[in-house]
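The values are calculated or read from the model by the stated rules, or taken from the named source; none is laboratory data. None of these values were measured; they are calculated from a predicted model. Cβ coordinates were reconstructed from backbone atoms using ideal geometry, including for glycine residues, and neighbour counts include every protein chain displayed. Heads up: the accessible areas ignore ligands, DNA and RNA and are worked out on the full protein's heavy atoms, side chains in. Shrake-Rupley method; radii C 1.70, N 1.55, O 1.52, S 1.80 Å.
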Amino acid sequence: MSSLFLRTLREDPADAEVPSHKLLVRAGYVRRVAPGVYSWLPLGLKVLRRIEAVVREEMDAMGGQEIQFPALLPREPYETTNRWTEYGPNLFRLKDRKGSDYLLGPTHEELFTLAVKGEYSSYKDFPVVLYQIQNKYRDEERPRAGILRGREFLMKDSYSFDLTDEGLAESYQRHRDTYVRMFDRLGLNYVIVAATSGAMGGSASEEFLAESATGEDTFVRGPGGYAANVEAVTTPAPPQIPLEGLPVAQVHHTPDTPTIAALVDFLNAHPESSAGRTFTAADTLKNVLVKIRQPGATDWELLGVGVPGDREVDMKRLEASLEPAQVELLEEADFARNPFLVKGYIGPGALAANGVRFLVDPRIVSGTAWVTGADKADHHVVDLVCGRDFTPDGTIEAAEVRAGDPSPGGEGVLEAARGIEIGHIFQLGRKYADAFGLDALGPDSKPVRITMGSYGVGVSRLVAVIAEQSHDEHGLVWPRAVAPYDVHVVVAGKSAELLAGGEEIAAELERQGLDVILDDRKASPGVKFADAELVGVPTIVVVGRGLADGKVELKDRASGERTEIARDGAAEHVA
Ligand code: ATP
Ligand code: MG
Ligand code: MG
Ligand code: MG
C-alpha cells in the first residue's frame with residue numbers, strides 16, 4: 001500500500017447520496033470525470049474485472065461466442081431500424097470531419113444482426129449466440145448514484161439467433177438459467193420479475209432486480225413466489241370512473257366464445273355504442289371500458305376489456321341480451337403505457353372492505369384495481385383474479401373487472417419493494433431480422449426469417465449493486481468472489497521486525513495462491529485499521545505486538561469476528 005495508487009478519503013463526496021457511491025469514492029475505487037462518467041482506479045478496476053470474468057465464464061459455458069463491436073457507429077443501421085430517431089435525447093450523436101453522422105452505441109442489436117447476415121446464410125449455421133462486454137453510451141437524463149447509472153457504462157450484451165419460435169424460447173431459457181448462475185455466484189440478492197405483458201401469458205421479457213432500498217424500480221411480490229416490475233404501472237393516476245352507483249359487471253368467461261375481435265365488430269356495427277369511433281383492428285380495442293345495461297335493468301354495469309389478445313368475453317351472450325344503445329364506450333384505459341399487469345389476488349372481500357362496490361361471480365372474474373401504496377405515493381395496478389381474497393398493501397381506489405383466466409399462485413399480502421435492474425432478457429422476435437432481411441436458406445432452399453433474443457447485464461453497475469448490498473458503517477464488505485484481494489495484511493506498528501513479519505506472512509499467503517494487499521505504510525495503526533475496513537477485503541490479518549509471542553490476529557471483515565492464531569502456519573490457516 002506504500003506504493004499503491006490509492007488515496008482514501010475521510011469525507012463523503014458532496015454529490016453522493018447512496019452508500020455505494022459514497023464508499024466507492026471514499027475507498028478510492030472510482031473517480032468522477034463528468035456527470036455519469038467515471039474513471040476506474042486500481043482497486044475498482046480489479047473488482048470490475050473479477051465481475052467481468054464471472055460474466056464471461058458463464059456466457060462461454062452456455063455456448064456464447066465473444067466478439068466486440070466498436071462503440072463509435074455509423075448512423076445508417078440505426079436509421080434502418082428508426083432508432084436514430086426513436087432513441088431520442090438519450091442517444092449520443094456526433095459528426096465526423098466530413099459531416100457524416102455517427103453515434104455512440106447505446107445497445108447493439110443492429111450491429112449483431114448485420115454481422116450474422118454477413119457471415120451466415122444456411123439453416124445449418126443456426127442457432128448461434130454472440131456476445132460482447134463493451135462500453136455503452138446513453139445520455140441519461142439523471143445520471144445518478146455514481147456508477148449505478150452512468151452515461152458511459154460497461155454492459156454484457158448477448159443476442160441469440162434461431163430458426164424457430166421454439167428455438168428462441170430455448171435460447172431465452174438458457175440465458176435465464178445462465179443469469180441465475182451468474183448472479184448467484186456473485187452473491188447477489190435478487191428477484192426475477194416479469195417486465196412486460198408477460199404477466200398474463202408467456203414471458204417475453206424478464207428483468208433481474210437486485211433488492212435494494214435505493215433502487216429506482218419498484219416491484220411487487222405476490223404469493224407463490226411471483227414478482228413483477230411495476231415501474232410502468234406506478235402512476236398515471238387511476239381513471240376517474242364514477243364507481244359510486246355503478247355496479248360492476250358480471251361477465252362470464254367461456255373459453256370457446258369469440259374474443260375481443262367480436263366486440264370490435266359489435267361496436268363498429270353500432271356507432272351509437274362506440275361514441276362514433278371506428279375500430280379498425282382487434283388490437284385497437286385492447287384496453288377499453290364499456291358500460292352495459294341489461295334489458296329491463298336500471299343499473300349500468302361496467303365491463304373492462306383487457307390486456308392484448310388473451311381476454312375472452314362471451315359476446316354471444318352479450319349480443320343476445322343487449323340493445324345496441326345499451327353498450328357505451330366509457331373510457332380507454334392507458335394500458336399501452338402500462339403494457340403489463342401485476343399478478344395478485346384480490347377478492348371481493350378485500351374490495352368490499354376498501355369501499356369498492358363489487359358485484360361479482362367470484363368464480364370467473366379477473367380485473368384490475370388501482371391501489372394506492374401504504375406510502376400514499378404511487379398507484380399500482382393489480383390484477384384481480386378469481387375471487388380469492390388478497391389484502392393489498394394500501395387502499396383500493398378504483399376497480400375494473402373483466403372476464404379472464406384464473407392465474408396460478410397463492411394467497412398472501414402484496415408487498416412492494418425496491419430494486420436495481422442488473423439484467424434484462426428479452427425475446428425480440430423478428431423485428432431486427434425483418435429490418436435487415438436476415439434469412440437462412442432452409443433445407444427446401446426456401447428462406448427462413450431468423451428470430452432473435454437480446455440479453456443484457458450491467459457489468460459496471462454490478463460493482464455498485466454489490467457494494468450497495470454489502471457494506472456497513474465502516475466501509476465496503478466484498479463477497480470473496482469479487483473482492484479486489486483475498487487478504488489484507490496490516491502491519492500494526494512501525495518497527496522493522498513487524499514490517500519484516502508482515503512481508504513474510506504476505507509472501508506465504510501468496511504462495512498459498514491468495515491475492516494479498518500489504519499495508520506497509522508508515523501511518524498509525526488506527527488509520528490502517530480504518531482503511532482496511534473501508535476498502536473491504538474479506539480477511540484481515542493484523543501483524544502487531546503479538547508477533548513477539550508468535551501470534552497474529554485474524555479478522556473477518558463481514559462478521560467482525562477476531563481470533564488470535566499462531567504465526568507459524570498462519571498462511572495455511574487462512575487459505
Ligand atoms: P434502466 O431501467 O436502469 O434504465 P435499461 O432497462 O435502460 O436500464 P437495458 O437497455 O435493459 O437497460 O440494458 C441492460 C442492462 O444494462 C440493464 O439491465 C442494466 O443493468 C444496465 N444499464 C442500463 N443502463 C445503465 C446505466 N445508465 N448505467 C449502468 N448500467 C446500466
Ligand atoms: Mg434505461
Ligand atoms: Mg429498465
Ligand atoms: Mg432493461
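The loop-placed chymotrypsin sites (Phe, Trp or Tyr not before Pro) in region 1-59, going by DSSP, that have at most 13 neighbouring Cβ atoms within 10 Å of their Cβ come out as F5.
Placing a pseudo-label 7 Å from each Cα along the Cα-to-Cβ vector at R545 and D12 gives an inter-label distance of 3.5 nm.
What do you reckon, how do S160, S524 stack up by accessible area (1.4 Å probe), largest on top?
Of S160, S524, the descending order of accessible area is S524, S160.
Heavy-atom accessible area, probed at 1.4 angstrom with all protein chains present, ranks K494, K95, K136 as K494, K95, K136, highest first.
For D139, the residues whose modelled amide H falls within less than 5 Å of its own, excluding neighbours fewer than 5 places apart on the same chain, are L91, F92. Amide hydrogen proximity for Y190: with H placed 1.01 Å from N in the peptide plane, the residues at 5 or more positions away or on another chain lying under 5 Å are E211.
Taking 7 Å steps out from each Cα toward its Cβ at I565 and E76 produces label points 6.2 nm apart. Counting only heavy atoms of the protein chains and using a 1.4 Å probe, S212 has close to 20 Å² of accessible surface. Excluding ligands, DNA and RNA, the accessible surface per residue across region 41-184 is 46 Å² with a 1.4 Å probe. Note on E572: accessible area is roughly 110 Å² with a 1.4 Å probe, heavy atoms of protein only.
Across region 163-197, the residues whose backbone nitrogen lies under 16 Å from the label position 7 Å along the beta-carbon direction of D439 are 163-164. Here the dipole of region 30-173 is about 1140 debye; that uses its Cα centre as origin and unit charges on the Cβ of Lys and Arg (positive) and Asp and Glu (negative).
The A115 and A481 beta-carbon pair, evaluated with R₀ = 30 Å, returns a calculated FRET efficiency of approximately 0.40. Here's the picture: charge each Lys and Arg Cβ at +1 and each Asp and Glu Cβ at -1 in region 154-199, and of H175, Y190, T164 the one pushed furthest to the positive end of that dipole is Y190.
Applied to region 10-16, the Karplus parametrisation 6.51 cos²θ - 1.76 cosθ + 1.60 on θ = phi - 60° returns per-residue 3J(HN,Hα) values of 7, 9, 5, x, 4, 8, 9 Hz, with x for Gly and Pro. Per-residue accessible area (protein heavy atoms, 1.4 Å probe) orders L72, L514 as L72, L514, starting from the largest.
Annotation: amide H-H contacts under 5 Å for D519 (H modelled 1.01 Å from N, sequence separation of 5 or more, or interchain): V489, V490, V491. Estimated at the nearest 10 Å², the accessible area of T8 is 30 Å² with a 1.4 Å probe.
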